[in-house]
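The next block holds one structure in the form of structure tokens; read it before the comments.
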Amino acid sequence: MAAELSPLILSLLERRGFTGDAAAAFLAPDYESHTHPAELLADCDAATARTLAAMDRGERVAIYADFDCDGIPGAALLFELFAKLAYQNVEVYIPHRDREGYGFHRDAIDALASRGVTLIITVDVGTTAVDAIAYAKEKGIDVIVTDHHEILSALPAAVAVLNPKREPYPFPHLCGTGVAFKFAQALLRRGRAEGREPFVGIPTGWEKWLLDLVAIATVADMVPLVGENRALVHWGLMVLRKTSRPGIAALCLKIRLRRDQITEEDIGFSIAPRINAASRMDEPMLAWKLLTTRDQSEAQTLAAMLESLNASRKGVVGGIVKEAKKRVSVRDQKSDRVIVLGDPEWKPSLLGLAANSIVGEHGGIVCLWGRDALGRLKGSCRSDGSISVVKLFESARDSFEEYGGHAASGGFTLADGAVHALPQRLAEAALALEASASPESAAFDALVSLREISMSLWRDLSRLSPYGLGNPKPVFRIDQVQIGSLKRFGKEKNHVEVMLSCPDTGARVRAYDFFRAPDGFSQPLEEGAMSSVIGTIERDAFRGGVSLRLVDVLAG
């Protein structure tokens, strides 16, 4: 295989640590050899035994899932598993994002107990729910946890806690739906091994048709797309491109996605936001119904509803962004590294999207807060990469009741009385972190010429996909390009597009970036100027051919 690859692709693989057989395996993930046996999950035997016992006794089972685009696909996956097994005494419970919030809640346990539930299987939640699971036990309800979040303390007294971060499972980075899929695999295998009906009548490998849900959740939850996750998403995309789910087909038709060409980017930028819009703007069960319905008419109705909710979400986020930018201008924070703004009327579930928009234009770090339905001050923070959000939170930990996230993004709940001092507290923390950081120049993977940017190169690069955390898109530097026609686009004119050309060869390439102003790069975009640009190569789905997504612009 190595002989078929261009020197550029070989060098990119080597930069990622893959040579020889490892490179071949990376380019062609094998489902059987690149995934791990579900039975390696700690407590797997206990989980499958308790579930089979519940089915034998006809107990009422509840699938309790988080309200985001990891929990919802996982709930759909387990619901379809029980449907395939012809077990109907099952219900799905997804808490409301605003009224209930994240977590495993006592009120929900009470509601499920009142309906006769005696076994709850969680998805994407439960690892730290010590008190809630103890309460469920008092109510006569057993709990099986399938989750992937960090183990911060002693595990709850559940029947089983399936979490890939527990030994001896060899890959700790599965998403919540990925863990639910592993549980489904183990249950099917055990049922077949015991000669149970209808397990023995289900074809071996049938569960692979559930990988479309695993791919959606894995990409949406931004877990590392390496190792087992790479294999699951690789094969999950294949299933998604020919999925028989009416809801997915209707959604693709509604948003004009070529279903047979769906990529991880389509999941991240088109499918996942609409699934998440259900819980951000309405009821999360709408998204669950979209993924599970078999009725064509209902699928079309649900797809239209999610598209409408997503459009409403964009409008609300746009209003928050407009108001936040106005405040930034009034307060002359243009040069500040950290912007902290809030309003009790702002909906916390939308603030990450708004902060991302402001960071794209302003740079630095943006933290926005609002008040949730329970009266808590909660918010989101986004960074341009110059400072880690998690390190910023850690440096100002006394300001928060809770916080978490990654280098580029995070969320928080404010401690009582901390809101007024938060801007100064974070500004001081940022200054300290910047003082201790070593300056870095913009990084890139390879140097190419403008004339090399072509569909042929894009097809070559696509062999490295799916891209994501742990396997980012290759970043290229192109020197001696001339900045041509420049324009702003989008409803609010908050995106930038420019035509790049090479005076020597005549090559021309369209370049763009979202939520970025022409002066938002290291070197402002100016028509006629000679510059060097850094960016990623993208397929232009609207105009055909390829374009360049700008990362930065440097002096020529």
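At-a-glance table
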{"read-out": "Lys347, Lys165 arranged by Cβ crowding within 10 Å, fewest neighbours leading", "value": "Lys165, Lys347"}
{"read-out": "Restricting the stretch 426-532 to trypsin sites (Lys or Arg not before Pro) in coil, as DSSP defines it, with at most 10 other Cβ within 10 Å", "value": "Lys491, Lys493"}
{"read-out": "Karplus-derived 3J(HN,Hα), 6.51/-1.76/1.60, for each residue of the stretch 85-94, Hz, glycine and proline x", "value": "7, 6, 9, 9, 7, 9, 9, 10, 10, 10"}
{"read-out": "Estimated vicinal HN-Hα couplings, Hz - the stretch 121-127 in sequence order (Karplus 6.51, -1.76, 1.60; Gly, Pro = x)", "value": "10, 8, 9, 6, 6, x, 4"}
{"read-out": "Equivalent-ellipsoid semi-axes of the stretch 1-123, from the Cα gyration tensor, Å, largest first", "value": "42, 19, 12"}
{"read-out": "Whichever aspartates and glutamates have a C-alpha closer than 12 Å to that of Lys391, once near sequence neighbours (fewer than 8 apart) are set aside", "value": "Glu434"}
{"read-out": "Computed helical MRE - 222 nm, the chain, DSSP H runs ≥ 4 contributing -39500 (n - 2.57), nearest 500", "value": "-11500 deg cm²/dmol"}
{"read-out": "Under-5 Å amide H pairs with Gly410, H placed in peptide plane, nonlocal only", "value": "Cys381"}
{"read-out": "Percentage relative contact order, the chain, counting C-alpha pairs under 8 Å, at least six apart", "value": "10 percent"}
{"read-out": "Likely footprinting exposure, Asp295, Asp398, fewest C-beta neighbours within 10 Å first", "value": "Asp398, Asp295"}
{"read-out": "Average Cα contact separation per residue, the stretch 446-555, under 8 Å, 6 or more apart, as relative contact order %", "value": "28 percent"}
{"read-out": "Other-chain or far-sequence residues with amide H under 5 Å of Ala507's (modelled H)", "value": "Cys502"}
{"read-out": "Alpha carbon centroid spacing (whole Å) that separates the stretch 89-156 from the stretch 32-58", "value": "19 Å"}
{"read-out": "Burial ordering of Arg425, Arg397, fewest other beta-carbon atoms within 10 Å first", "value": "Arg397, Arg425"}
{"read-out": "Over 29 Å between alpha carbons, listed pairs Lys208/Lys314; Lys208/Lys289; Lys289/Lys314; Lys182/Lys314; Lys165/Lys208", "value": "Lys208/Lys314; Lys182/Lys314"}
{"read-out": "Under the span-like rule (Cα at least 24 Å along the axis, Kyte-Doolittle mean at least -0.5), DSSP H helices of the chain", "value": "176-193, 296-330"}
{"read-out": "The stretch 294-388, dipole about Cα centre (Lys/Arg Cβ +1, Asp/Glu Cβ -1), debye to the nearest 20", "value": "280 debye"}
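FYI, it's all coordinate maths here, none of it is from the lab. In this text, all values refer to a predicted model and were calculated from it rather than measured experimentally. Cβ sites come from the backbone with ideal geometry, for glycine too, and all protein chains shown count toward neighbours.
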